[in-house]
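The values are calculated or read from the model by the stated rules, or taken from the named source; none is laboratory data. It should be emphasised that the depicted structure is a prediction, and the values quoted were computed from it without experimental measurement. Reconstructed Cβ throughout: ideal geometry from the backbone, glycine too, with neighbour counts over all protein chains shown. All accessible areas refer to the heavy atoms of the entire protein, side chains included, with ligands and DNA or RNA removed. Shrake-Rupley method; radii C 1.70, N 1.55, O 1.52, S 1.80 Å.
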Amino acid sequence: MVKLPFRPWRKQPPIFVFMLAVTLPAAALVIASGVYLRHIQRGKMIDAEIQRDYRETLAIAEKRITDRAFEIAESAQATFPGVDDSDALDDFLKTHPDIAHAFIWTGKDSMTFRSQPDRMSDPDFRAESRKLATELGGWFDIDSEEHIAKVKSFEAAEGRRVFFMAEPHVMRGDKPVYELFAYFIPRGSSPDHPALAGFAYDEDYLRDKFFPRVLYEVLPGGGQNDPMHPQLAMTVRKEKEQTPLAASVCWDGGIPEVERDFMGVFPGLILGIRPQGTTIADISRHITRLAFMVLGALSLLIGAGMIFAYRNVSSELALAKLKSDFVSNVSHELRTPLALIRLYAETLELGRISSADKHQEYYEIIRKESERLTSLINNILDFSRIEAGKKEYSFRETDVADLVRSTLESYRFEIEQNGFQFEQKIDNNLPPLSVDREAIARSLLNLVSNAVKYSAGRKYLGVHLYRRNENVNLEVVDHGIGIPAKEQLKIFEKFYRVGDPLVHNTKGSGLGLSLVRHIVQAHGGQVAVESAPGHGSKFIIILPVKNPDFQQVSA
Ligand code: ADP
């Protein structure tokens, strides 16, 4: 004996296992993503990520601002007069109005210091100029060697022709101003006669021109209405002041969200950045909300997919079950009449039956059973032709009343013998119809046989044929078990049988009504049902008197 391994899931209906196999991982994925998103939200990871991004932007901006400062100073330095030409300092300042002071030191007590001539009318500026001249002169007199060495080594290391030094507290009147000094070795300086030169950009220039322009250049663009990538704004402020010294044009106030100290060229200044019209917290909230929405949409999609798959798979499974029921029903239906025919034929063959009445009865049983067999086989053959698209009808002008009468005639006796009250109402003067006689007769017989099969207690069968407007209606009425409303459409589908125990105790293949519908539709007509459980059913075949599209139908 082969022992099968124990697999409990095998016992579950396959659809259940299928749903479980797909739903569980999908649900786990959605829940895990939701939990992860919550974790990200709680840990402010998106905020941190945006801040990191802004810090990088600031680092890049600082590098570009520094490069720009060198570019501007080096291009001025290129036109700076040589040591022998210190008189030309005034001309140099005239051609460089952005520079506040310029000087050349050529040895002890030999400092030529000039300031922007047209600003000298301002007493504070004049005083500042005088003070700087003395201080720088004195300073170089003492430390010139050290300064020259610093400038030279910077040039050698960085390839820059100027060396910047910031003076954050140059006094202008009673106010400290930020000034940026560019030092270099002037033309004409020699080891024997070392010289040092330089010029200074003052706070006015840095505030009004340099920073606004350069901030505009380095600012990354943002979307006008893109809440995830808003326009960014940058500021530059002095270390000890909160109000920005300069800001990019789009700055709308507030305080920067991320800041960075200027490392090299502008010590004492701080570069700041923030998104316009929003905050990092808002952006992060927006991103999280969006992620949750996407997750929600995905869950909906998965749900919809599951419902779709469930419906598809269950209808496939239902069809497979109907087919297997069909095979067992049909084999049973074939076997019963065959067994009866064989039994009665063998009995007759043995010759033990003496009474003529009994003979007659046995012959009749054999005839009826073979007729049942024929009608079942005809149904199956018709069905397979329809399925293969090979069913053909041959239409002939027919007196339908005559067709119905003669079809019922051969069954009347049997119906009445079964204890049925049989009522037949066939109107006269019906117009002739062009029909396939055999097909219409088979439809009628299918309906009659159903009425007989599905009448448990009250045995009544009515067949009515009458004209209604442009149609001829053929009604088959019973007072049997009836059909629930929700099943009334399905019974016309192939293999379908109502899941009622009363139906299941009755043999059937589930093909009859699907054939009736096909036949009637091929005649340009329709088949309808009116029924209530426990009250009986009425099937109506509606055939059009004149069908303009009437033609030989090949299904
Ligand atoms: P079957 O071989 O099962 O009778 P049909 O296609 O003729 O197949 O009918 C489909 C189903 O419709 C039946 O199984 C039965 O449930 C239901 N049905 C058909 N006719 C009647 C009727 N007159 N009364 C009650 N139920 C009916």
Quiz prompt | Glu155 versus Met171: modelled label distance in nm, points set 7 Å from Cα along the beta carbon direction | solution = 3.5
Quiz item: Distance from the Cα centre of region 502-533 to that of region 151-210, in angstrom?
Solution: 103
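Given a 1.4 Å probe and heavy atoms of the protein chains only, how would you sort His464, His193, largest accessible area at the top? If you can, show how the numbers build up before the last one.
Details: His464 30, His193 130 Å².
Sorted descending by solvent-accessible area, the residues read His193, His464.
Kindly provide the GluC sites (Glu not before Pro) of region 465-555 that DSSP labels as loop, not H, G, I, E or B, and whose Cβ sees at most 12 other Cβ atoms within 10 Å. Before the final figure, lay out the partial values.
Details: sites: Glu470, Glu475, Glu487, Glu493, Glu530; in loops: Glu470, Glu493.
Qualifying residues, ordered by number: Glu470.
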Self-check item: Given charges at beta-carbon only (K, R positive; D, E negative), |dipole| of the chain in Debye
Solution: 4140
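Given a Förster radius of 22 Å and the C-beta distance between Ala28 and Arg311 as r, what FRET efficiency does 1/(1 + (r/R0)^6) yield to the nearest 0.05? Let's see the in-between values first.
Details: r = 23 Å, r/R0 = 1.06.
After rounding to 0.05, the efficiency reads 0.40.
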Quiz item: For region 44-278, what is the Kirkwood hydrodynamic radius in Å, using each pair of distinct C-alpha atoms?
Solution: 19.2
Quiz item: For the chain, with the dipole built from +1 on Lys and Arg beta-carbon atoms and -1 on Asp and Glu ones, taken about the Cα centre, which of Ala61, Ala133, Asn329 lies farthest toward the positive end?
Solution: Asn329
Quiz prompt | Shape parameters for region 33-120, alpha-carbon atoms, Rg then Dmax in Å | solution = 24.9, 76
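How large, in percent, is the carbon and sulfur part of the accessible surface of region 44-278 at a probe radius of 1.4 Å? Please list the in-between numbers first.
Details: 6030 of 11860 Å².
On region 44-278, the fraction of accessible area on carbon and sulfur atoms equals 51 percent.
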Practice problem: Just need the relative contact order of the chain here, percent rounded to a whole number, with Cα pairs under 8 Å and 6+ apart. | Solution: 10
Quiz item: What nm value, rounded to one decimal, do you get for the distance between Glu49 and Ala78 when each label is placed 7 Å out toward the C-beta?
Solution: 4.5
Quiz prompt | Which of Gly107, Val218, Val170, positive extreme of dipole for region 44-278 (C-beta unit charges) | solution = Val218
Quiz item: Using modelled backbone amide H atoms (1.01 Å from N, in-plane), which distant-in-sequence or interchain residues come within less than 5 Å of Arg274's amide H?
Solution: Ala233, Glu257
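With +1 on each Lys and Arg Cβ and -1 on each Asp and Glu Cβ, and nothing else charged, work out how big the dipole of region 391-554 is about its Cα centre, in Debye to the nearest 20.
Values: 20 positive and 19 negative charges, 83 e Å.
Here the size comes out at about 400 debye.
So, R0 is 35 Å and r is the distance between the beta-carbons of Glu71 and Glu135; what FRET efficiency does that work out to, to 0.05? Don't skip to the answer; put the middle values down first.
Working: r = 28 Å, r/R0 = 0.81.
With R0 = 35 Å, the Cβ-Cβ based efficiency is 0.80.
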Quiz item: Per residue, how many Å² of accessible area does the chain show with a 1.4 Å probe?
Solution: 56
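Would you be so kind as to identify all helices of the chain, as entire DSSP H runs, whose Cα atoms reach 27 Å or more along the helix's own axis and whose mean Kyte-Doolittle hydropathy is at least 1.0? Mind showing how you got there, number by number?
Details: long enough: 14-42 (42 Å, 1.38); 45-77 (48 Å, -0.56); 123-158 (41 Å, -0.66); 280-350 (103 Å, 0.67); 356-387 (46 Å, -0.83).
What comes out of the filter, once short or polar helices are dropped, is 14-42.
How much of the DSSP beta bridge set in the chain is antiparallel, as a percent to the nearest 5? Could the numbers behind the result be given before it?
Values: 63 of 69 bridges.
Here the share of antiparallel DSSP bridges comes out near 90 percent.
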Quiz item: Using 0.36 nm per residue, how much length does the chain from Asp87 to Ser406 gain when fully extended, once their Cα-Cα distance is taken away?
Solution: 101.2 nm
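With n ≥ 4 as the cut-off for DSSP H runs, can you work out [θ] at 222 nm for the chain, using -39500 (n - 2.57) per run divided by the number of residues, rounded to the nearest 500? Present the calculation step by step, with values, prior to reporting the outcome.
Details: 11 runs with 266 residues, N = 555.
Calculated mean residue ellipticity at 222 nm is -17000 deg cm²/dmol.
Could you tell me the calculated FRET efficiency between Lys486 and Ser354, based on Cβ-Cβ distance and R0 = 51 angstrom, to the nearest 0.05? Each step should come with its number before you reach the end.
On the way: r = 56 Å, r/R0 = 1.10.
Efficiency at R0 = 51 Å is approximately 0.35.
If the only charges are +1 at each Lys and Arg Cβ and -1 at each Asp and Glu Cβ, what is the size of the charge dipole of region 44-278 around the Cα centre, to the nearest 20 debye? Don't skip to the answer; put the middle values down first.
Numbers: 28 positive and 42 negative charges, 72 e Å.
So the magnitude is around 340 debye.
Working out 0.36 nm times the residue gap between Gln417 and Lys390, then minus their Cα-Cα distance, what length gain in nm do you get to one decimal? Each step should come with its number before you reach the end.
Values: separation 27, 0.36 × 27 = 9.72 nm, distance 3.80 nm.
Full extension from Gln417 to Lys390 adds 5.9 nm.
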Exercise. Give me the distance in nm between label points sitting 7 Å out from Cα along the Cα-to-Cβ direction at Met228 and Arg187, one decimal.
Key: 5.6
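What percentage of the solvent-accessible surface of region 391-554, computed with a 1.4 Å probe over protein heavy atoms, is contributed by carbon and sulfur atoms? Can you show the working numbers first?
On the way: 3700 of 7930 Å².
Accessible surface attributable to carbon and sulfur in region 391-554 totals 47 percent.
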Practice problem: Ignoring everything but the protein chains, give the 1.4 Å probe accessible area of Ile377 in square angstrom, nearest 10. | Solution: 70
Quiz item: Using a cut-off of 27 Å between alpha-carbon atoms, which lysines can reach Lys209, once sequence neighbours fewer than 8 places away in the same chain are excluded?
Solution: Lys63, Lys94, Lys131, Lys175, Lys238, Lys240
